[in-house]
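The values are calculated or read from the model by the stated rules, or taken from the named source; none is laboratory data. From a predicted model like this one, the values you see are computed outputs, not experimental measurements. All Cβ positions, even for glycine, are placed from backbone atoms using ideal geometry, and neighbour counts span all protein chains on display.
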Amino acid sequence: MTKLTRSLSGVALAAIALMAPGHAMAQTVSWWYEALTPEQQKLLDDKLVGGFAASHPGVTLELEYRGNAVENQQRLALMSGGGPDIINSNGPATALSTAKAGQLLALDDYAAKLGWDKRLIPMFLSLGKVDGVLYSIPKNYEAMGLFYNADIFAAKGWTAPKTVTEMETLADTMLAEGMTPFVAGNAGFRPANEQFFTVALNQLAGPAAIREALAGTRPWTDPVFVEAMTKFKAWYDKGYYGKDYFSTSTIDAFAGMVTGKTGMAPQGTWAFSWVKDYFEPAGANAAFTSIPVAEGVPYPLFPIGVGSALSINAKSANPDAAAQVIDYIFSGDFYGAIVPQWQGEWNVPLADLSGITMQGEVTPLYKEATTMIADAIADGSYGYTTWTFWPPKSEQYIISGVEELWLNKASPEQFLAGLQEIFAGELAEGSVPPLP
Amino acid sequence: MWLFALPALSINVVIILIPALLTIALAFCQWDGFSMPVFVGLANFNAVFADRVFWIALGNNIKWTLIFLTVPIAIGLFAATLLLIIKRGRTLFQIVYFMPVVVATAITARVWQGMIYNPNTGVFGLLQRFGIELADPLAHTETALYGIAAVDLWHWWGFLAVIFLAALRQVPQEMVEAARLDGAGFFGLMRHILIPAIAPTIKLMMVMTVIWSFLVFDFVYILTQGGPAYSSEVLSTLAYRNAFFEFDLGRAAAVALVIALFGLTATFAYVRLQAREGAN
């Protein structure tokens with residue numbers, strides 16, 4: 001047998017083997033990801049790509065890190081009939097537009113077949129539905145709560161405020177002691193404004209009124225919102241958010257909580273990674289609880305947000321394999337592997353965390369917080385974040401409008417009238433994301 | 001002959017002409033970037049002109065243009081003339097003046113934001129500790145635009161100085177010497193000999209300044225993202241927000257056309273000026 005004949009025979013045998021029944025062709029699932037640090041990329045390559053490959057031979061997950069404008073790149077690719085298999089959007093509002101344009105695959109069959117409808121918190125599944133059809137699932141969820149320095153609070157004999165009145169008393173005390181009451185600042189990240197708006201609106205007006213407004217049955221100009229925004233403005237004027245709000249980044253302000261420069265942080269669960277960065281090296285102890293609420297507003301209260309949602313490209317050549325990747329993300333194996341390494345980022349909305357074995361140490365504070373938030377969600381004690389439940393133009397208006405309100409360019413009434421006008425337009429055109 | 005033009009022509013058609021035509025078409029459509037565009041006539045322009053933020057942004061672009069038509073051109077001309085006169089160290093000064101131009105915009109912006117303006121970590125904060133009250137200009141509605149312009153000026157005037165120096169060096173030495181023998185001082189030399197001699201270069205730079213001023217985006221976006229309270233909003237940041245955060249690409253295209261209109265007007269004025277001078 002000549003060398004050529006041997007080679008041809010080898011190729012023929014390989015071809016026959018591939019065509020044999022039961023042998024599936026190796027499939028690749030693509031996923032475009034935002035910019036990450038080299039350490040974070042390594043973590044995902046190990047825990048997600050490596051973990052998935054180990055449990056799913058025959059399917060390869062390809063994560064492609066495409067920088068901060070990945071959402072725009074993805075949108076253009078989808079428009080031209082391309083794009084990755086897994087569509088990672090910024091949340092329900094973006095997924096809503098993509099689904100309406102027919103660019104996403106309906107996931108109801110996968111949810112039933114793979115058990116997502118039983119494994120995930122039902123409220124989060126409902127956020128991904130458009131006209132009753134499931135198109136996206138939150139990759140992670142976040143909750144706004146109140147972080148504080150447990151050591152400083154204990155030393156000064158302070159307790160975490162549960163009511164707005166208690167919070168104001170404590171904030172005034174902090175101001176008198178030369179502290180900035182709230183960890184706050186928008187330098188480098190102007191959308192930080194909407195985080196403070198979200199907390200203030202939820203704690204002062206309450207989730208029931210917000211829900212009605214988002215459903216279009218109560219105008220944003222309602223007295224309950226005017227009163228809330230009047231108080232929100234008064235807090236800024238008193239200096240609760242600091243005299244250098246526009247020159248300070250929220251992360252720097254959070255670091256200031258370690259030394260007592262800043263007092264307490266109305267922040268999202270993403271700040272658990274800042275606890276790790278700033279409290280742990282200093283040997284300080286952080287604490288986390290619900291945001292304080294006004295009279296008549298349920299306590300505890302955690303405004304809930306979805307920063308990222310997963311879908312499958314309608315044009316995907318491998319939708320079943322893409323569904324397997326999503327299924328792996330919602331598995332206890334992946335949760336147990338990633339959460340100890342990257343707390344706050346991979347807060348996957350799993351309904352039951354009790355049977356999961358953590359492959360590493362998770363701080364008691366994080367465990368306590370996630371349990372507290374899950375219980376509150378189960379009891380319906382959750383609020384609404386602007387970046388998840390408000391349509392895009394209204395959200396952008398709020399980001400700049402908060403500054404106009406604080407800097408005396410608009411009264412609470414004018415600010416809310418502007419919001420009502422934009423929101424009404426978006427409600428009419430069907431751009432308001434679904435409510436749970 | 002057409003074969004020679006084909007490579008450049010095809011690149012220009014694909015990269016400039018087609019996107020430009022699409023932008024013009026989009027300005028008359030409602031498009032969210034996801035679904036098919038729908039023709040809406042002049043609705044986007046009506047919405048843009050009814051938006052108070054558009055007028056704030058346009059006003060800021062005009063202020064920006066006026067600042068950049070005067071301050072850096074004056075500094076650049078002055079520095080270039082000084083460089084022309086000095087005999088030693090000219091190359092060194094040129095490098096030093098030009099250096100900010102080659103530093104990446106993001107780095108320049110972050111250095112000014114964090115190491116100069118910042119009241120906690122910057123030079124302004126240090127001065128405050130010595131009792132010199134200097135507020136972060138980026139944090140106040142009255143000063144934010146000027147704070148950004150100062151950063152851009154720092155980065156820009158050296159470029160103009162080098163360009164003007166190159167032009168000044170083309171001025172015949174005999175003219176300069178003759179003026180000096182006639183008793184012209186520094187400012188007399190500038191006014192009567194040097195500036196008239198390099199007027200075409202200055203005019204070109206002024207036209208380009210108008211075009212660039214209406215395209216300004218990077219420093220504004222990095223330093224304030226148009227805030228606080230729209231005080232530093234310019235047309236390009238408005239268009240960017242319309243397109244990529246509000247998903248209203250039709251409106252963004254309408255704003256982009258307004259930007260292009262100012263650029264085209266400046267270009268047209270320059271071409272007319274050149275034609276008139278050529279005729280004379």
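Summary of values
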| quantity | calculated |
| --- | --- |
| Residue within segment A:334-346 that is under 23 Å from A:LEU105 (Cα atoms) and either touching a Ser or Thr at 6+ places or on another chain (Cβ under 7 Å) or in the same structural domain as A:PRO122 (by TED's automatic domain parsing) (or both) present | no |
| Selected residue [surrounded by fewer than 19 Cβ atoms within 10 Å (Cβ to Cβ), under 25 Å from B:ILE73 (Cβ atoms) and within 14 Å of another protein chain (Cβ to nearest Cβ)] from B:THR143, B:THR121 | B:THR143 |
| Yes/no for B:GLN128 being surrounded by fewer than 22 Cβ atoms within 10 Å (Cβ to Cβ), within 14 Å of chain A (Cβ to nearest Cβ) and assigned to a helix (DSSP H, G or I) | yes |
| The one condition in (1) out of contact with any strand residue (DSSP E or B) (no Cβ under 7 Å at 6 or more places or on another chain); (2) in a loop (DSSP other than H, G, I, E, B) that A:TYR236 fails to fulfil | (2) |
| Failed item, numbered, when B:PRO100 is tested on (1) assigned to a helix (DSSP H, G or I); (2) out of contact with any His (no Cβ under 7 Å at 6 or more places or on another chain) | (2) |
| Filtered residue count, segment B:218-277, keeping only those that are within 21 Å of A:GLU403 (Cα to Cα) and either buried (at least 19 other Cβ atoms within 10 Å of the Cβ) or more than 14 Å from chain A (Cβ to nearest Cβ) (or both) | 25 |
| Where a residue in segment B:90-101 is farther than 15 Å from B:TRP154 by Cα and its partner, wherever it lies, is among the aromatic types (Phe, Trp, Tyr) and not in a helix (DSSP H, G or I), with Cβ under 7 Å and at least six apart | none |
| Residue that is crowded, with 19+ Cβ neighbours inside 10 Å, within 12 Å of another protein chain (Cβ to nearest Cβ) and either part of a helix (DSSP H, G or I) or out of contact with any Ser or Thr (no Cβ under 6 Å at 6 or more places or on another chain) (or both), where the choices are A:ALA228, A:ALA253 | A:ALA253 |
| Checklist (1) buried (at least 22 other Cβ atoms within 10 Å of the Cβ); (2) at pLDDT below 95 applied to A:ALA351, failing item | (1) |
| Selection from segment A:107-120 of residues that are under 22 Å from A:ASN140 (Cβ atoms) and over 18 Å from the mean Cα position of the chain (by Cα) | A:LEU107, A:ASP108, A:TYR110, A:ALA111, A:LEU114, A:GLY115, A:TRP116, A:ASP117, A:LYS118, A:ARG119 |
| Residues that are of a type in the set (Asp, Glu) and farther than 27 Å from B:GLY226 by Cα, drawn from segment A:179-228 | A:GLU212, A:ASP222, A:GLU227 |
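Okay, residues lined up against (1) in the same structural domain as A:PRO38 (by TED's automatic domain parsing); (2) more than 18 Å from A:LEU310 (Cβ to Cβ):
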site: A:GLY50; (1), (2): yes, yes
site: A:GLY58; (1), (2): yes, yes
site: A:LEU78; (1), (2): yes, no
site: A:ILE86; (1), (2): yes, no
site: A:ALA106; (1), (2): yes, no
site: A:LEU120; (1), (2): yes, no
site: A:GLY128; (1), (2): yes, no
site: A:ASN149; (1), (2): no, yes
site: A:PHE153; (1), (2): no, yes
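The rows are residues; the columns are (1) assigned by TED's automatic domain parsing to the domain that holds A:VAL130; (2) touching a helix residue (DSSP H, G or I) at 6+ places or on another chain (Cβ under 6 Å); (3) assigned to a helix (DSSP H, G or I).
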{"position": "A:LEU353", "(1), (2), (3)": "yes, no, no"}
{"position": "A:MET372", "(1), (2), (3)": "no, no, yes"}
{"position": "A:GLU395", "(1), (2), (3)": "no, yes, yes"}
{"position": "A:ILE399", "(1), (2), (3)": "no, yes, yes"}
{"position": "A:LEU405", "(1), (2), (3)": "no, yes, yes"}
